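These notes are about the structure you will find just below.
Only the coordinates and a few stated rules stand behind these numbers; no lab work does. All values reported here derive from a predicted model rather than from experimental measurement. Cβ sites come from the backbone with ideal geometry, for glycine too, and all protein chains shown count toward neighbours.
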Amino acid sequence: MSALLDATLKHLEALVGFDTRNPPRAIDTGGIFDYLRAQLPGFTVTVTDFGAGAVALCAVRGEPKYLFNVHLDTVPDSPAWTADPHTLRITADRAIGLGACDIKGAAAALLAAANASDGDLALLFSTDEEANDARCIAGFLREPHAYEAVIVAEPTKGEAVLAHRGIQSVLMRFAGHAGHASGEQKPSDSALHQAVRWGSAALDFVAAQSHERFGGLTGLRFNIGRIEGGIKANMIAPTADVRFGFRSLPTMDPDQLLKQFRTLVEPQPAEFSETFRGVSLPAGDTANAEANRLVARDLADELGIPVGNAVDFWTEAALFSDAGYTAFVYGPGDIAQAHSADEWVALDQLQQYAETIYRIVERGNA
């Protein structure tokens, strides 16, 4: 075992030991942040509490060109864990623990690389990524920063991910007229019938987008997550709520997609509200998405990071991209292990990631 990997595993053992599950996100400026402060001598450290357990720590040494971001919050553990999720277990080829893959392994490697080098380096740790409540990144971006690019740690199997889908969630409500179900109904009478017709039209619309492509991704991802309404089988439903989500390509206009979903059928929904939006990567002008992806690819090539395929899952790299930064996603671990029982990260990927960060810092490119 290399000294850098050994140091990474010692840090990972400590980080996994801190309970940063989100929810409940019972996180304050002590605990794991006291540990981080102690591990970053020589850095200017700023800790900001954005409320509701959303805490960010920014650590800067020298005048770095790039910012490395990693979140410390984890999903809750499931009953299927076979051992204490907050106790790191190390086998011949993997480290097992809650958050080891997503994404405390990268945080531990960043600490190890920071301690092994005295080069310029900027780190941003946050605790709200798992909540669809990006207070930390939004708060950080409210202040001006001079970084040329931001590299966001998520499980990408040690490859630079330059593009991913955006994500949007919607709550929709149809309105009908309560009454006895024995008679002939007009299309506008039953709210549930409206919802079902809308669902059929939505699935047809999504299928028609299968020809759209970007960076290896194809089509529009779509899911109806919940339909509820009505009273009983012999009563016409006066209301029906539909919750759905979709994941668009960087070249798709999210506002235009919302308009198309809202107007698929008549009568249109009585209420239609977007409950969450995460922009795609690259963000911004959809016409320039490919050009922006190529800029990120050139940076990954310059840093010696292999480039992987675009992914379907969303990351906070999109928030930095939307703010005008060149950004890509890069970290150890496989997304297939994230959020799973007995979550693990491969030791060889941890070592590769730590060595890459160390090399970047040492040659003065960080």
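With the calculation restricted to Cα positions, what are the radius of gyration and Dmax of the stretch 273-366 in angstrom?
Computed over the Cα atoms of the stretch 273-366, radius of gyration and Dmax are 15.3, 49 Å.
If you fit an axis through the alpha-carbon atoms of helix 105-116 and take the longest principal axis of the Cα set of the chain, what angle between them do you get, 0 to 90°, nearest 10?
Tilt relative to the chain: about 20 degrees.
At q = 0.25, 0.26, 0.34 Å⁻¹, what log₁₀ I(q)/I(0) does a Debye calculation on the Cα points of the stretch 174-213 give, no solvent, two decimals?
Listed by q, the Debye log ratios stand at -0.80, -0.84, -1.09.
How do the peptides 311-322, 31-42 rank, highest first, by the average count of neighbouring beta carbon atoms within 10 Å per residue?
So the peptides 311-322, 31-42, ranked by packing, come out 311-322, 31-42.
Going by average Cβ density within 10 Å per residue, which order do the peptides 108-121, 80-93, 7-20 take, highest to lowest?
108-121, 7-20, 80-93
With 10 angstrom as the radius, rank 165, 297 by how many other C-beta atoms surround their C-beta, starting from the fewest.
297, 165
On a C-alpha basis, how far is the centre of the stretch 253-268 from the centre of the stretch 37-61 in Å? Whole number, if you could?
42 Å
Based on Cα positions only, what radius of gyration and what Dmax would you give for the chain, in angstroms?
Cα radius of gyration and Dmax of the chain are 23.0, 79 Å respectively.
When DSSP beta bridges are limited to those with both residues in the chain, what percentage is antiparallel, rounded to the nearest 5?
So the antiparallel bridges amount to about 75 percent of the total.
Taking the mean number of other Cβ atoms within 10 Å as a proxy for protection, how do you rank 173-179, 66-72, 222-228, 336-342 from highest to lowest?
So the peptides 173-179, 66-72, 222-228, 336-342, ranked by packing, come out 66-72, 173-179, 336-342, 222-228.
Can you give the local net charge around residue 237? Use residues other than it whose beta-carbon is closer than 12 angstrom to its beta-carbon, Lys and Arg +1, Asp and Glu -1.
On the way: positive: 173, 232; negative: 189, 228, 241.
Local net charge: -1.
Return P(r) of the stretch 238-321 (all Cα-Cα pairs; 5 Å bins starting at 0; whole %; ordered from short to long distances).
Final binned percentages: 3, 11, 19, 20, 14, 11, 8, 6, 4, 2, 1, 0.
What are the extents of the Cα atoms of the stretch 167-278 along their three principal axes, in Å, largest first?
The Cα atoms of the stretch 167-278 stretch 53, 24, 19 Å along the principal axes, largest first.
Could you let me know the centre-to-centre spacing of the stretch 150-176 and the stretch 204-251, using Cα atoms, in angstrom?
First find each Cα centre; the distance between them is then 16 Å.
Can you show me the helix-derived [θ] at 222 nm for the chain, built from DSSP H runs with n ≥ 4 at -39,500 (n - 2.57) apiece and divided by the number of residues, rounded to the nearest 500.
Estimated from H runs of four or more residues: -8500 deg cm²/dmol.
Just want the ordering: 136, 101, from fewest to most Cβ atoms lying within 10 Å of their own Cβ.
Ascending number of Cβ neighbours within 10 Å: 136, 101.
Normalized C-alpha radius of gyration of the stretch 302-356, against 2.2 N^0.38 Å?
With N residues counted in the stretch 302-356, Rg over 2.2 N^0.38 Å equals 1.30.
How far apart, in nm, are two points set 7 Å out from the Cα along the Cα-to-Cβ line at residue 210 and at residue 263?
2.6 nm
For every other residue with a beta carbon closer than 13 angstrom to the beta carbon of residue 168, add +1 if it is Lys or Arg and -1 if Asp or Glu, then tell me the sum.
Here the count lands on +4.
Specify which residue in the list 194, 235, 171 is farthest towards the positive end of the charge dipole of the stretch 167-278, using unit charges on the beta carbon of Lys, Arg (+1) and Asp, Glu (-1), about the Cα centre.
171
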